[in-house]
Amino acid sequence: MDYSVIVIGGGPAGMMAAGIAGSKGGRVAILEKNRVFGRKLLLTGKGRCNVTNDTDIENHVANLFPQGKFLYSALFAFPPWKLMKWLEEGGVELKVERGQRVFPAEDDAHRIRNALVGFMKREKVELKTLQEVIKCERKGQGFLITIGKETLSTEKLILATGGCSYPQTGSSGEGLGWAEKFGHEVVNPEPGLVPLQTREKELTPAAGLLLKNVAVKLKNKRKKTLYSELGEIEVTGFGFSGALALSASLLVKEGQTYFLELDLKPGLEWSQLDLRLQRDLEDKNKDGLRDIMAGLLPRKLVVPFFEVTGLDPEKRASQVTREEREEICRGLKALSFTVTGKRDWSEAIITMGGVKCGEINPSTMESKLVPGLFFAGEIINVHGFTGGYNLQAAFSTGFLAGENC
Ligand SMILES: Cc1cc2nc3c(=O)[nH]c(=O)nc-3n(C[C@H](O)[C@H](O)[C@H](O)COP(=O)(O)OP(=O)(O)OC[C@H]3O[C@@H](n4cnc5c(N)ncnc54)[C@H](O)[C@@H]3O)c2cc1C
């Protein structure tokens, strides 16, 4: 055999796996189709890289789907605190921001990528870029890997080719096809952490507006709340983007009906808001309703608000009826939109779906079907909310695969 271990995919999971495998000795190579390692990693956190979440394992498991529990062993083997210590000992200073999100102190994802490349070099991993694997197959107890006209043989194989999101970064789903050829079931990939499209377009004139400190609920067609969170959402020409819309998208299945409900005044109960409105209407009784709402809404939302609610902006404050007040409160506390679908792969931060967890040994990341075959990172059917959970999952599974291969 040419190699003891070959890792396909030079993202965070593959680089961690290769470095750990290299640290055990043997001839290890990592094959990456791009000119550089970690192209997607460099885009994470808008170039700042939210590398993990500084919370306990239970919290990570709770933020991972569809079965966060599958990652218990991986997270125990390489927990968030160990990743942070490993990075800091490697010279990457870190900082913790709102929601316990961890970033490099210099706000630069290159620091994380360079730490991983440095690690692989120190562990004598053969770094092979511009190597697009076109075929992987079983050969005796090992594997044959084809790159162009060249074929490499290896005893152990780690597939860390990522999912299908942001295909322009190299993650275009080939690994999932190979997993299927090896006999694995692949849960149908769907875009995740992706902006949502809505039927109603009245907010379009406010596109680009970032609404901070709002509460968002995602409801199914029976109006059951599936997701509820406080934070930021961005108005777009097609619907909504921003952290809360992306997180809600993890619960949206294609072809089903959902409603996104915005509470623009989460700090006020409905009755408190009504009292405030009554006061405003009395104090400014000669004003038009448009001026009253200008005091309650961001400037860009005032005109769209009247479009959505159907209220008359010219109506004098003194003439607003109780029913109209109720309508205003509903518009502020429960502004509802019909979700018609998700944006496509090019805008999806992660892939929902992937190699079925039940066919992977959670303590080693080895395939239960093909001895010597390992999986790491987003190729596995586990994905998380925003906050650093996806990268931690990639590092922890990469660590475990590297240790056990
Ligand atoms: C815009 C954006 C922002 C994000 N921000 C965050 C964040 O701040 N925090 C967070 O936790 N997560 C974030 N994520 C998610 C995170 O980037 C992924 O979960 C993570 O990169 C998955 O790592 P991976 O190593 O499994 O796969 P990838 O990073 O996708 O790496 C897979 C690699 O395999 C290579 N490859 C694929 N096929 C082949 C082949 N045939 N031959 C050779 N090489 C191949 C690809 O070129 C790629 O480099 C973000 C994602 C995006 C798109």
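Throughout, read-outs are computed from the coordinates displayed, never taken from laboratory work. Values in this document were obtained by computation on a predicted structure and should not be read as measured data. Note that each Cβ is placed from the backbone with ideal geometry, even for glycine, and that neighbours are counted across all protein chains shown.
How much length, in nm to one decimal, is gained on full extension between ASN220 and ARG27, taken as 0.36 nm per residue of separation minus their Cα-Cα distance?
64.3 nm
Taking neighbour counts of Cβ atoms within 10 Å as a proxy for exposure, in what order, fewest first, do ILE349, ILE112 appear?
The order, fewest Cβ neighbours first, is ILE349, ILE112.
Calculate the length of the line joining the C-alpha centroid of the range 58-102 to that of the range 225-302, in whole Å.
Here the answer is 33 Å between Cα centres.
At LEU275 and LEU42, where each label point lies 7 Å from the Cα along Cα→Cβ, what is the point-to-point distance in nanometres?
Spacing of the two 7 Å Cα→Cβ label points: 5.6 nm.
Roughly what would the spin-label model give for ARG325 and ASP312, points 7 Å off Cα along C-beta, in nm?
Modelled inter-label distance: 1.9 nm.
Taking neighbour Cβ counts within 10 Å as the exposure measure, how do SER318, SER247, SER172 sort from fewest upward?
By the 10 Å Cβ count, ascending, the order reads SER318, SER172, SER247.
Run through the DSSP bridge list for the chain and note the antiparallel percent, rounded to the nearest 5.
75
Using only Cα atoms, find the angle between the long axis of helix 389-404 and the longest principal axis of the chain, and express it within 0 to 90 degrees, rounded to the nearest 10.
For helix 389-404, the angle is close to 10 degrees.
For ASN213 and ASN114, what is the calculated FRET efficiency with R₀ set at 35 Å and r taken between the beta-carbons, to the nearest 0.05?
Efficiency, rounded to the nearest 0.05: 0.45.
Among LEU277, TYR227, LEU75, whose Cα projects farthest towards the positive end of the dipole of the chain, with charges put on the beta-carbon of Lys, Arg (+1) and Asp, Glu (-1)?
Comparing the listed Cα positions along the dipole, LEU75 ranks first.
By counting other Cβ atoms within 10 Å of each Cβ, how are CYS405, CYS357 ranked from fewest to most?
The fewest-first ordering by Cβ neighbours comes to CYS357, CYS405.
Relative contact order for the chain: what is it in percent, counting Cα pairs under 8 Å that are at least 6 residues apart?
For the chain, the relative contact order is 25 percent.
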